[in-house]
Protein chains: 2
Amino acid sequence: MSFYPPKRTLMGPGPSDVNPRISLALARPTIGHLDPEFIRLMDEIKALLQYAFKTKNLLTLPISAPGSAGMEACFVNLIEAGDTVIVCQNGVFGGRMKENVERAGGTAVMVNDAWGQAIDLDKLDAAIKANPDAKAIAFVHAETSTGVRSDAQAICKLAQDNDMLSIMDTVTGLAGIEVDVDGWGADAVYSGTQKCLSCVPGISPVTFSERAQSVITNRQLPVQSWFLDMNLIMGYWGEGRQRAYHHTAPVNALYALHEALTILREEGLEQSWARHLRNHEALKAGLTGLGLSLLVDEACRLPQLNAVGVPKGVDEAAVRQRLLQQSNLEIGAGLGELAGKVWRIGLMGYASNETNVRLCIHALESALLAQNVPLNPGEGIARVDAAYASSDGA
Amino acid sequence: MSFYPPKRTLMGPGPSDVNPRISLALARPTIGHLDPEFIRLMDEIKALLQYAFKTKNLLTLPISAPGSAGMEACFVNLIEAGDTVIVCQNGVFGGRMKENVERAGGTAVMVNDAWGQAIDLDKLDAAIKANPDAKAIAFVHAETSTGVRSDAQAICKLAQDNDMLSIMDTVTGLAGIEVDVDGWGADAVYSGTQKCLSCVPGISPVTFSERAQSVITNRQLPVQSWFLDMNLIMGYWGEGRQRAYHHTAPVNALYALHEALTILREEGLEQSWARHLRNHEALKAGLTGLGLSLLVDEACRLPQLNAVGVPKGVDEAAVRQRLLQQSNLEIGAGLGELAGKVWRIGLMGYASNETNVRLCIHALESALLAQNVPLNPGEGIARVDAAYASSDGA
């Protein structure tokens, strides 16, 4: 029997609500992965990704698999057995980077910060001084597990100043907050489609600087993954009309990515960042009105992913279940150390809008009241109103 | 600007024409990868894949990336540094297996057969005797580069009799010809969505026997790929309601796979194989009527992929270009050793139908006439008529 999914509103850590234009693009007729029209699509996607990443890097393309594979593509191409990588960890995904370094035969030197804190630049600097021969610094720009933004520009500069490569995870960052690959001098960057691009999950955009590309080209040993070997992928995604077959591209998923990037370009990068911030301000006002608090300090908080403390005595899973069942609204649970302690409320891409903010505050209010949490009914939504009124006037 | 692909008829080596039911499934609303409804979808997909593969293997699931990643998943999970693998090569994809073995730190002992020939069992047997400690035998059941079917049952039996694992590529085989994973005792098998399942490209169904699963669970070293580590993937796709987050599943692509497998189940496996054979017979008759010949002997020819010799003096690329431009019809070029020497005409899944056979014969006839190839106009299509009349009467 065919599967008909319910229509949810996706305000978790991703996937986020998909723009209907993107769903329709996905259903367009499949063409061959060597069709001249498909080659044109590939060229347009590369140019649109360069726009989104703010880069002129020629090696900018979508990996044919989810963000975890984008991460792996960066590590297995740049790291060889014996290499040392300084890995900043302040959430789940730094830990995954460590796994990637070690499985590539490298040694990971960990710089740990508390979950919910930004990466401490002084600690990183000390680790660099203690490991001057490290090949790369790997870090998460926008931690999906905590909602923290770290200072990517400063970290990339530390890497450059010490002649190390920078490997940046901005799966949740891209299109939601500033990402400036060339301005920051980031060397290897990966993202995902299912966060602030509002596209379906399954593809990972990546970009490599000239410096990173030359490291890949001049490796001593072959890349351990055939599927993710950028030397081979370049032959298919490279310049010119003659593309060497590598693997069958996920044609329809790339239609969707193209449409998502087209929508981003129509709106404009800066406008997209501003929209994410405006809706975050309204959500934050509403949450405060419900008596809830955010985990992350304002200075390093991601507008697109809000880690909200679960009040004492509240059954957090029951709240999520009620939202899903009564309002078809998905919010996220805490991951790892934060499991049971926070909800993660996403306002990503197409889902970052006023309707969703109001839906979420209304639904949370009634779920909290059902668990006898003391709060002023109506206060949350009144503060949402005020926030939008103030930003409309701005 | 949005991208609107042309409507092609896809009769190359894949992707094949996508059933419109599958395109529509793809566009259904995205839900979260931990949504209870999504867990239900995953369970249904596993059961449908078990049907398609003819297996009771619990470890049967779709890898979130194309067939090349399915291949890599089999090798990196089963092979460790120092292992020897006997690799049968009779086309492009055996060569890719060699790459996979070597990048996993193993040694590949090659058993080479001519492109267009089935794997020679005597040569394989000799290689087994010469390498009694080999861990696995890897082979391609249905070679997409040549259109050859090898005797998978006999090869799997040789592996079992010699206490080796069998690793089988049936990317092009599944749903087009018999695949009987349990009946043959195959240990690790991967396929693709974009061939005889008529689904969009991007996902790779895999299945592992209990024996293979226990090899994976008892490895000495971690799997070199984090993304493809079956020990971790099992935690997400495993039994029970509690699924450990591994990576964000390609939700919409899995809607499509579910629909493709539902369609296969509605038609029935045996009926699907019979339909592929019937349309192949008609295509073969038509090609013969045009004076063209097939590369592969009838005894080991794949009905779903026909390697057709390019007549002397014909510009094969011009023929393909004309088909594409005049009829929106895609057929494939030769790969590797066969580049320039053959066309590859696919009749896969939804594309395996009478309309497509007729379209292809008509279009080829006019393309060959345009290049002054001597042939009897109308003879090709007359033979197609006769073939269908004869199979209708059968």
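Just so it is clear, none of the values below were taken in a lab; they were calculated from the coordinates. As the structure is a computational prediction, the values presented were derived from the model and not from experiment. FYI the Cβ positions are ideal-geometry reconstructions off the backbone, even for glycines, and counts take in every protein chain you see.
Per-residue Karplus couplings for segment A:90-106, computed as 6.51 cos²θ - 1.76 cosθ + 1.60 with θ equal to phi - 60°, are listed in order as 9, x, 4, 7, x, x, 5, 4, 4, 4, 5, 4, 5, 6, 8, x, x Hz, Gly and Pro entered as x. For the protein assembly as shown, the dipole from Cβ point charges (+1 on Lys and Arg, -1 on Asp and Glu) about the Cα centre works out to 1020 debye, to the nearest 20. Kirkwood analysis of the protein assembly as shown, using all unique Cα-Cα pairs, places the hydrodynamic radius at 27.3 Å.
Axis angle, to the nearest 10 degrees, between helix B:36-53 and the longest C-alpha principal axis of chain B: 60 degrees. In chain B, the DSSP-assigned H stretches of four residues or longer account for a calculated mean residue ellipticity at 222 nm of -13500 deg cm²/dmol, using -39500 (n - 2.57) per stretch and the full residue count as denominator. Sorted largest first, the principal axis extents computed over the alpha-carbon atoms of segment A:218-285 equal 53, 29, 20 Å. Full extension of the segment from A:Ala47 to A:Arg265, taken as 0.36 nm per residue of separation minus the current Cα-Cα distance, would add 77.4 nm.
Placing +1 on each Lys and Arg Cβ and -1 on each Asp and Glu Cβ, with no other charges, gives segment A:269-393 a dipole about its Cα centre of roughly 180 debye. Please list, or write none, the aspartates and glutamates whose alpha carbon is within less than 14 Å of the alpha carbon of B:Lys7, excluding same-chain residues fewer than 8 places away. Correct list for B:Lys7: A:Asp35, A:Glu37, B:Asp17, B:Glu330.
The share of C-alpha pairs in segment B:167-288 whose separation exceeds 25 Å stands at 36 percent. Here the residues A:Phe75, A:Phe38, ranked from fewest to most Cβ neighbours within 10 Å of their Cβ, fall in the order A:Phe38, A:Phe75. 3J(HN,Hα) along segment B:200-216, derived from phi through the Karplus expression 6.51 cos²θ - 1.76 cosθ + 1.60 where θ = phi - 60°, amounts to 5, x, x, 10, 10, x, 9, 8, 10, 5, 4, 4, 5, 4, 6, 4, 5 Hz, with x in place of Gly and Pro. To the nearest ten degrees, helix B:316-327 and the longest principal axis of the Cα atoms of chain B are 80 degrees apart.
Lysines within cross-link reach of B:Lys98: Cα-Cα under 28 Å, excluding same-chain residues under 8 positions apart? Qualifying lysines at Cα under 28 Å: B:Lys54, B:Lys123, B:Lys129, B:Lys135, B:Lys157, B:Lys195, B:Lys341.
Of all aspartates and glutamates in the structure, the ones whose alpha carbon falls short of 16 Å from that of B:Lys312, not counting any fewer than 8 places away in one chain, are B:Glu365.
Shape analysis of segment A:34-176 based on the Cα gyration tensor places the equivalent ellipsoid semi-axes at 28, 17, 14 Å, largest first.
Against the main long axis of the alpha-carbon atoms of chain A, helix A:67-78 sits at an angle near 30°.
Determine which residues of segment B:104-137 fall in the zone a paramagnetic label at B:Asp161 would reach in this model, i.e. backbone nitrogen under 13 Å from the point 7 Å along Cα→Cβ. From segment B:104-137, the list is B:121-129.
Considered as an equivalent ellipsoid built on the Cα gyration tensor, chain B has semi-axes of 36, 26, 18 Å, the largest given first.
Dimensions of segment B:269-393 based on its C-alpha atoms, expressed as ranges along the principal axes with the largest first, amount to 39, 32, 27 Å. Evaluating kT/(6 pi eta Rh) at 20 °C and 1.002 mPa s, with the Kirkwood radius of segment B:348-394 over Cα pairs in the Stokes-Einstein relation, gives 183 µm² s⁻¹.
Shown for B:Asn376: label points 7 Å from Cα along the beta-carbon vector, and their distances to the equivalent points in the other copies, 9.4 nm in ascending order. Would you please state which residues of segment A:280-324 a label at A:Gln371 would reach in this model, taking the label point 7 Å out along Cα→Cβ and a backbone N cut-off of under 11 Å? In segment A:280-324, the label zone of A:Gln371 (backbone N under 11 Å from the point 7 Å along Cα→Cβ) covers A:309-323.
Magnitude of the charge dipole for chain B, about its Cα centre and with charges confined to Cβ atoms of Lys, Arg (+1) and Asp, Glu (-1), is about 800 debye. For A:Asp43, inter-copy separations between label points set 7 Å beyond Cα along the Cβ vector come to 5.0 nm, shortest first.
For A:Arg219 and B:Ala318, a Förster radius of 45 Å and the Cβ-Cβ distance give a FRET efficiency of 0.70, rounded to the nearest 0.05. Take every DSSP beta bridge whose two residues both sit in chain B; close to 50 percent of them are antiparallel. Comment: the Cα-to-Cβ extended label point of B:Ser2, at 7 Å, lies 2.1 nm from its counterparts in the other copies, nearest first. Per residue, the convex hull spanned by the Cα atoms of segment A:1-50 amounts to 140 cubic angstrom.
For segment A:1-98, what is the convex hull volume of the alpha-carbon atoms per residue, in Å³?
Working: hull volume 20.9 nm³, N = 98.
In segment A:1-98, the Cα hull volume divided by residue count equals 213 Å³.
Out of every Cα-Cα pair that segment A:129-179 contains, those further apart than 15 angstrom amount to 45 percent. Between B:Asp120 and B:Ala389, the simple spin-label model (points 7 angstrom out along Cα→Cβ) gives 4.4 nm.
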